[in-house]
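Below is one structure, written out as structure tokens; the observations come after it.
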Amino acid sequence: MAKLTPKQERFCQLVSGGSTYADAYREAYSSRGKASTIQTEASKLARNPAVTHRVEALIEQKGRALARKAVGDRELVVGKLR
């Protein structure tokens with residue numbers, strides 16, 4: 001997969017964290033342009049296969065981390081109950 005620029009990576013991080021495409025684009029690219037332009041550019045960026053793949057990978061990583069934390073929390077509670 002193609003290497004992402006630092007701004008593209010930031011966009012991916014923000015989107016995987018729950019930001020809208022437009023908000024993520026605005027922050028990652030420090031853009032203060034017209035809303036319609038930002039939405040158009042954010043949409044184009046989101047359709048980039050490398051960006052899509054990275055966002056999906058980040059969401060998957062976060063899901064695995066949450067699962068590990070849940071297991072750890074359960075083990076802690078069970079240990080305290082014993």
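The values are calculated or read from the model by the stated rules, or taken from the named source; none is laboratory data. These numbers come from a predicted model, not from an experiment. No Cβ is skipped: glycine too gets one built from the backbone with ideal geometry, and neighbour counts run over all protein chains shown. These accessible areas exclude ligands, DNA and RNA; they are computed on the full protein's heavy atoms, side chains included. Shrake-Rupley method; radii C 1.70, N 1.55, O 1.52, S 1.80 Å.
Exactly one residue out of TYR25, TYR21 is open to solvent by 100 Å² or more (accessible area, probe 1.4 Å), touching a helix residue (DSSP H, G or I) at 6+ places or on another chain (Cβ under 7 Å) and modelled with pLDDT of 90 or more: that is TYR21. Residues in segment 1-19 that are among the polar types (S, T, N, Q) and in contact (Cβ under 8 Å) with a residue 12 or more places away in the chain: GLN8, GLN13, SER16. Pairs only if they're at least six apart or on different chains, beta carbon under 8 angstrom, first in segment 28-55 and open to solvent by 60 Å² or more (accessible area, probe 1.4 Å), second in a helix (DSSP H, G or I) and charged (D, E, K, R); list them, first residue then second. Listed pairs, sorted by first residue: TYR29/LYS7; TYR29/GLU41; ARG32/ARG26; ARG54/GLU9.
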